[in-house]
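The values are calculated or read from the model by the stated rules, or taken from the named source; none is laboratory data. Predicted, not measured: the structure shown is a model, and the values here were computed from it. Virtual Cβ from ideal backbone geometry, glycine too; neighbours counted across all protein chains shown. Side chains are part of the model used for accessible areas, which takes the heavy atoms of the whole protein and leaves out ligands, DNA and RNA. Shrake-Rupley method; radii C 1.70, N 1.55, O 1.52, S 1.80 Å.
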Amino acid sequence: MFLLSKRGLLLLLPVLMLIISCGGDLNDNTVVLAVGGAPSEIDFWEKTASECEEKTGIKLQLIRQPTDTDQRRQNLVTSLRARKSTPDIFLMDVAWIAQFAASEWLEPLEPYMKKHNLPVESFFEPVVRQADTYNDKLIALPVYVDGGLLYYRKDLLQKYGYSGPPATWDELVSCALKITEEERKKNRNFTGFVWQGAQYEGLVCNFLEFASSNNGGIVLSESQPVFDTEQNRKAVKFMRDLIHTHKLSPSNTYTNMKEEEVRLVFQNGNALFERNWPYAWKIHQASDSPVKNKTGVSLLPHFEGGKPAAALGGWHIGLSRFSKNKENAFTCIDYILSSEVQTEFVTSLGWNSGRVDIYDNVEVQKTIPHAEILKNVFRHAVTRPLVPHYSYMSSVLQRYLNAVMAGRMELDKAFTECESELGKIVSQYSNQ
Amino acid sequence: MSKKQRNISSDFLWIAGFLFPGIAFLVIFILIPVFGTLFTSLISDITFMKRQWAGLDNYIRLFNDSAFRQSLGFTILFILVSVPLETVSGMGLALLMHVKSPFRGVIRAIILIPWAIPAAVTGRIWEVIYNVNYGLANYLVSMAGFDPVNWLGTASGAFIAIVLADLWKTMPFVAIILLAGLSSIPETLYQQARIDGASFVKRFFSITLPLLRPVIVVALLFRTIDALRIFDLIYILTSGGPGGSTTSLSLLGYKYFIGGDYGYGSTLSVVIFLCAFLLSLVVIRLGQFSREVS
């Protein structure tokens, strides 16, 4: 009787709420996909999800994640570590794939691909080989791929008598010095070259490009990283000089230059060159953009004796080992990776497909006039070390590289200390 | 069963019923996680490696970790600089809010706004203020005829920038707590002091400050613990840069959690917990000591 009284009900209320909030996982045929990103991206996924249901009959439900890459990762790590059955499929940044794979959270995809007649050759070979294969198992597939590009002001290069974008870094410096000197008379804020130098993952990507274009990079020899090399020192010195000696890159390069900050400087007409991912193209070409039809795209320059390099970025789709719905989940993956959806990706979002055949599509070539250049970029992409403890290596690299960019640490000291810190991390996280 | 007995058992049911949610909350959301973290800090719990007992390995690792030393140094310095500043300026605001004037309501509302804004938004606001190219700070600097400054570009600049942003955000919090204390001081004390000819300064140091001491201790306690685990503001304003110089302990721990090393991440959390515990003891002790003296 007590529990049925008014006051008793008052007590029951929190208990009921507790029960309701502990609702179980979905157990029907619904497949849950975790996606994040900008609102336009989410809109696109929502459209894709409803079309997927029409075409395949499988309900694809979205989990909306934040825009921030770290938060998306944390979100997934929490679910997977708890062995939750949802999300069944999710997008991963290339930098996490090794950790997810080594944690045994990802289902090998080859058996499903055979069943669904999805040949691995549909995708860029270097991407699949370098980023999606762990311990000889294919555990992810590219949904969109990214590579660093050089954006330049066509109109300004022409005005000062340059026939095309610079091929080497030295050419970039001399060209930018000449043009910025003149342009600064009209626009105090005009700057030569903007790139990502804040203390975050983007800095490591930029470093990899500078270093690889000088035949450097991070080599994992017998699982011990080799970082302190002449090639890398020269590349890092060049990055620092861009800011401090040539003064071609603004002083906030090492404080708040991330993708969007960099894009905005270029977009507002305040930079001659920009290093960014392919997504910037569509925004630069928007109708209200001050640099519309003034922007050119090219491979990044290289050092004398090196070749252009693009850091491989992008998002890859994986199938959770804990999914209770793997067959249906792969059907959805198959649909997302189909030519039609992938073409939509390019034409409506400006993302780049991991599928090779997309770039020969006429619609795509109309949207991206530089489709051929992109194809070239993805064939020459350099990946970040595919090791599960990569994020710790990265945060050490970020710390030291950023300290050099900020002029807080001498090159010598940074390289010696950074290499020893990297060694510590590798021995800490290598299997005993 | 007599009526009295029934009342007792029904009272007991009532009390237990009302206590249960609170106790359950404490146990589920505070006690279990704290001990869970303590336990995790003693194992090598890395998502991509075999889980195994590590004993004090994670704690030993702290001593060789230059990133940890840097973070600890930053966090301690941040507490030592920001908490006293916030308390003193919070006191000023509280006195201002306590003054009886026709604008009292408006003044209180304006002062409280920064506290009502989420820390993440505060971070964004200050990021725009400090921006080299279009920030308000550099606009003022260029109006005064100087070259633009890269506020977040040096370790000391970024430190001061974070302290200022945090000061702006948390002064109102200290002010509210102190205001509550101020309101509880009987007006008659001031009247008597005034009759005795005590000046405003004299009244402040002889009446207000001593009577506010317990409240100040509470404010200090909250602020110290909050400053110790500062995360959101830094995450947005500097992400720990430049060169890792503003990576607070919680930001460092967070980085280990997302990288998959739960053991070491938990160890860092335990360190923060222990620091908070010790600091609280110190602050509470200081409060009691001063009470005995007065």
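Summary of computed values
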item: For A:Q428: the one exception among (1) within 8 Å of chain B (Cβ to nearest Cβ); (2) of a type in the set (S, T, N, Q); (3) more than 30 Å from B:G260 (Cβ to Cβ); result: (3)
item: Any hit, the stretch B:174-195, residues being open to solvent by 20 Å² or more (accessible area, probe 1.4 Å) and closer than 20 Å to B:P118 by Cα; result: yes
item: Residue within the stretch A:179-187 that is in a loop (DSSP other than H, G, I, E, B), over 21 Å from A:N352 (Cβ atoms) and not assigned by TED's automatic domain parsing to the domain that holds A:V346 present; result: yes
item: Selected residue (only one of B:F159, B:F74 is touching a residue at least 24 places away in the same chain (Cβ under 8 Å), out of contact with any helix residue (DSSP H, G or I) (no Cβ under 6 Å at 6 or more places or on another chain) and open to solvent by less than 20 Å² (accessible area, probe 1.4 Å)); result: B:F74
item: Within the stretch B:41-57, considering residues that are of a type in the set (D, E, K, R) and part of a loop (DSSP other than H, G, I, E, B), the one surrounded by the most Cβ atoms within 10 Å (Cβ to Cβ); result: B:D45
item: Contacts under 6 angstrom Cβ, first residue in the stretch A:31-48 being small (G, A, S), partner crowded, with 16+ Cβ neighbours inside 10 Å, 6 or more apart; result: A:A34/A:Q65; A:A34/A:P87; A:A34/A:F90; A:G36/A:Q65; A:G36/A:R72
item: Exclusive hit being modelled with pLDDT under 95, within 14 Å of another protein chain (Cβ to nearest Cβ) and more than 24 Å from the chain's Cα centre (by Cα), set B:R69, B:R61; result: B:R61
item: Any hit, the stretch A:119-129, residues being within 14 Å of another protein chain (Cβ to nearest Cβ) and farther than 23 Å from A:E201 by Cα; result: no
item: Matching entry among A:N270, A:N256 (being touching a Leu at 6+ places or on another chain (Cβ under 8 Å) and either buried (at least 20 other Cβ atoms within 10 Å of the Cβ) or of a type outside the set (S, T, Y) (or both)); result: A:N256
item: Residue tally, condition touching a residue at least 24 places away in the same chain (Cβ under 8 Å), among the basic types (K, R) and away from chain B (no Cβ under 13 Å), over the stretch A:74-114; result: 1
item: Helices (runs of 4 or more DSSP H) wholly inside the stretch A:335-417 containing at least 2 residues that are more than 9 Å from chain B (Cβ to nearest Cβ) and under 30 Å from B:Y262 (Cα atoms); result: A:390-405
item: Matching helices (runs of 4 or more DSSP H) fully within the stretch A:232-291 where at least 2 residues are in contact (Cβ under 8 Å) with a residue 12 or more places away in the chain and charged (D, E, K, R); result: A:259-267
item: Per-region count, the stretch A:221-231, residues charged (D, E, K, R) and in a helix (DSSP H, G or I); result: 1
item: When residues of the stretch A:294-338 are limited to those that are among the aromatic types (F, W, Y) and either crowded, with 22+ Cβ neighbours inside 10 Å or out of contact with any helix residue (DSSP H, G or I) (no Cβ under 8 Å at 6 or more places or on another chain) (or both), the one farthest from A:Q196 (Cα to Cα); result: A:F330
item: Considering residues of the stretch A:342-367 that are open to solvent by less than 10 Å² (accessible area, probe 1.4 Å), of a type in the set (A, V, I, L, M, F, W, C) and over 19 Å from the mean Cα position of the chain (by Cα) only, the residue nearest to A:G423 (Cα to Cα); result: A:I358
item: Every residue from the stretch B:144-156 that is within 14 Å of chain A (Cβ to nearest Cβ) and either open to solvent by 20 Å² or more (accessible area, probe 1.4 Å) or out of contact with any Ser or Thr (no Cβ under 6 Å at 6 or more places or on another chain) (or both); result: B:G145, B:F146, B:D147, B:P148, B:V149, B:N150, B:W151, B:T154, B:A155, B:S156
item: Residue among B:L209, B:L182, B:L251 that alone is assigned to a helix (DSSP H, G or I) and within 14 Å of another protein chain (Cβ to nearest Cβ); result: B:L251
item: Residue in the stretch B:216-230 that is away from chain A (no Cβ under 14 Å), basic (K, R) and under 30 Å from A:P388 (Cβ atoms) present; result: yes
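Each row is one residue, and each column tells you yes or no for (1) of a type in the set (G, A, S); (2) open to solvent by less than 10 Å² (accessible area, probe 1.4 Å).
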{"residue": "B:R203", "(1), (2)": "no, no"}
{"residue": "B:A219", "(1), (2)": "yes, yes"}
{"residue": "B:A227", "(1), (2)": "yes, yes"}
{"residue": "B:L233", "(1), (2)": "no, yes"}
{"residue": "B:L237", "(1), (2)": "no, yes"}
{"residue": "B:G241", "(1), (2)": "yes, yes"}
{"residue": "B:T246", "(1), (2)": "no, yes"}
